[in-house]
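The values are calculated or read from the model by the stated rules, or taken from the named source; none is laboratory data. All values derive from a computational prediction rather than experimental measurement. Positions of Cβ are backbone-derived with ideal geometry, glycine not excepted, and every protein chain shown enters the neighbour counts.
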Amino acid sequence: MKNIISLFLMLAVFFGCSASDENYPQNGNANDDLETREQDEETEQHKLKKHLLDETITVNSKGEKVVTNPDDILVVSNKERNLPENYKPKDLVIPDVPFPFEENLEKKYLRKEAAKALENMFADAKKQNLQLYAMSGFRSYERQKEVFAANVKKLGEENARRVSASPGQSEHQTGLAIDVPSLEVDFQLTVEFEKTREGKWVLENAHKYGFIIRYPKGKEAITGYDYEPWHLRYVGKEHAAYIKEHNLTLEEYLSDTRPVQTNR
């Protein structure tokens, strides 16, 4: 009888080990499969990001690179990538935030999603006894021509290109960018803003609402523009959080191999 019981126990152990071997492959096969899947996913996501940055342009008759995805939340407009001259977002609204002027000018407008995020950010800043103001949002192609011409006349063309965009290259035309000054700097767009209570708060908290400092300090060679602590660009919370955490520009973020999701 004892021999029979021992035989049953041995069989149970044998089949139990076989089942374990079947469910959990040995020699790291499960981990290898997982790593392969992750690599495949990263490859596909990298292709997506490459599409977003490198393949979302066409060349016009003037030899200029023009973006083909101007409505994308992650659209990149810079000195190498022009927006279509006639582009104007269809969902522009005036955010319910303070402006240092009363006129109903086009620069009061932002795309709806960005406007809502700005309202939330301004409301939370106010709870901290901080007073932010919105200075300049949407800027049409025609208005860009006027602004750039004025800067060239004042600063010379080389210096003007460091602080302002040529017509068609301004983020303001996307309706996703907003300049945010404060009373402490007399509503001026100046680097002194970073030293104010409002400027420090914006630097540390803007990403929580989906905004990034589009032209950060130390990244001038990448963005092509001088540091602008007042210039905020809406990209959505998830993207903004990663960009902030890793101290990236939008160009670097979209060139990185990290998986990314787009908002259309």
Test result for GLY168, at pLDDT below 95, surrounded by 13 or more Cβ atoms within 10 Å (Cβ to Cβ) and not basic (Lys, Arg): yes
Any pair with Cβ under 6 angstrom, 6 or more apart, that starts in segment 124-146 at a residue that is farther than 18 Å from LYS195 by Cα and ends at one that is of a type in the set (S, T, N, Q): ARG139/SER170; ARG139/GLN173; GLN144/SER170
Residue within segment 86-99 that is modelled with pLDDT of 90 or more, surrounded by 10 or more Cβ atoms within 10 Å (Cβ to Cβ), polar (S, T, N, Q) and closer than 27 Å to GLN169 by Cα present: no
Hey, GLU238 surrounded by fewer than 17 Cβ atoms within 10 Å (Cβ to Cβ), on the phi < 0 side of the Ramachandran plot and at pLDDT 95 or above or not: yes
Residues satisfying the stated conditions in segment 182-214, i.e. on the phi > 0 side of the Ramachandran plot and aromatic (Phe, Trp, Tyr): PHE187
Criterion: over 21 Å from the mean Cα position of the chain (by Cα) and either surrounded by 18 or more Cβ atoms within 10 Å (Cβ to Cβ) or part of a helix (DSSP H, G or I) (or both) - qualifying residue of LYS107, LYS116, LYS153, LYS62: LYS153
Those residues of segment 166-201 which are touching a helix residue (DSSP H, G or I) at 6+ places or on another chain (Cβ under 8 Å) and in a helix (DSSP H, G or I), in sequence order: HIS172, GLN173, GLU184, VAL185, GLU192, PHE193, GLU194, ARG197, GLU198, GLY199, LYS200, TRP201
Selected residue (criterion: nearest to PHE101 (Cα to Cα)) from residues of segment 129-146 that are in contact with a Lys or Arg (Cβ under 7 Å, 6 or more places away or on another chain) and either assigned to a helix (DSSP H, G or I) or of a type in the set (A, V, I, L, M, F, W, C) (or both): PHE138
Members of segment 177-219 that are in contact (Cβ under 8 Å) with a residue 40 or more places away in the chain, touching a Phe, Trp or Tyr at 6+ places or on another chain (Cβ under 8 Å) and surrounded by fewer than 20 Cβ atoms within 10 Å (Cβ to Cβ): ASP179, LEU183, PHE187, LEU189, THR190
